[in-house]
Amino acid sequence: MRVAIFDFDGTIYAEETFTLLMKHLKEHPVYHSSYKRFYRAIVPPYLANKLKIYPDNKMKKRSMQLYLEAFDGLTKQEMNIYFEEIKAVMQQDFNQKVLERLKLHQEENIHILLVSGAYTQFLERVTEGLVFNQIIGTDIFYKDDKVYTKKAIIHINGEQKTLKVQEALEGLQIDWINSYAYGDSYSDLPVLELVGNPVAVSPEEKLRNLATDRGWEVLD
């Protein structure tokens with residue numbers, strides 16, 4: 001069985017998810033009052049990250065944990081509605097070249113995975129209309145059907161992506177040499193190196209240089 005693994009931010013979605021989520025919270029008619037609390041909480045780790053004393057992966061996880069605290073106690077359905085509200089805006093910035101590859105792989109009957117650090121529930125909403133065999137993201141925890149933030153999220157990033165892909169495909173005979181992976185960031189390298197056909201999508205400079213050195217396809 002062949003697989004095709006797609007990243008989301010910078011790959012399927014040409015922009016950054018978290019930037020859009022912050023804007024949505026700030027301007028939301030119901031939840032905007034939570035934005036100031038979130039902003040105050042995120043400033044210290046953000047500054048520490050800029051000073052390079054707080055790692056990127058910890059910064060991303062902390063940001064996503066703090067963001068969820070604005071919705072503590074909301075039901076799963078209420079979160080679905082919240083994420084649904086930005087679907088149309090977000091889909092305008094989907095990378096059409098990547099979507100063409102996605103469609104091609106579907107026609108080839110390749111097993112397709114979406115793997116991202118974004119919230120799984122969010123990915124399920126905003127990619128409605130696209131077909132994936134599996135979506136792997138950062139799960140939101142619920143207790144009695146309400147957002148529960150006392151339990152720390154498990155952020156899917158870097159090496160975690162590779163582990164989750166291997167977990168999802170455990171027990172299956174995968175033809176890795178003839179499989180595909182798409183990513184835009186150097187942090188996607190562990191997933192890109194799993195397959196025989198890695199594709200760098202509008203890559204950041206470090207990944208672009210590596211892709212050029214290794215003769216990988218670059219999709220701009």
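The values are calculated or read from the model by the stated rules, or taken from the named source; none is laboratory data. What you are looking at is a predicted structure, and each value in this text was computed from that prediction instead of being measured. For neighbour counting, all protein chains shown are included, and Cβ atoms are generated from backbone atoms with ideal geometry for every residue, glycine included.
Taking region 117-134 as the range and being in a strand (DSSP E or B) and farther than 16 Å from Phe83 by Cα as the test, only Gln134 passes.
Of the residues in region 12-49, how many are assigned to a helix (DSSP H, G or I) and surrounded by 12 or more Cβ atoms within 10 Å (Cβ to Cβ)? Can you show your working first?
Taking region 12-49 and keeping what is assigned to a helix (DSSP H, G or I), we get 17-27, 32-49.
Filter again for surrounded by 12 or more Cβ atoms within 10 Å (Cβ to Cβ), leaving 17-18, 20-26, 32, 34-35, 37-39, 41-42, 45-46, 48-49.
Qualifying residue count for the region: 21.
The condition of being modelled with pLDDT of 95 or more and in contact with a His (Cβ under 9 Å, 6 or more places away or on another chain) holds for only one of Asn178, Asn109, Asn133, that being Asn133. Mind checking which residues of region 50-72 are in contact (Cβ under 8 Å) with a residue 60 or more places away in the chain and assigned to a loop (DSSP other than H, G, I, E, B)? Within region 50-72, Asp72 is the sole residue that qualifies. For region 136-153, a tally of residues being in contact with an Asp or Glu (Cβ under 6 Å, 6 or more places away or on another chain) and outside any loop (DSSP other than H, G, I, E, B) returns 1.
Looking only at residues that are touching a Leu at 6+ places or on another chain (Cβ under 7 Å) and surrounded by fewer than 17 Cβ atoms within 10 Å (Cβ to Cβ) in region 129-152, which one is nearest to His105 (Cα to Cα)? Only one residue tops the list, namely Asn133.
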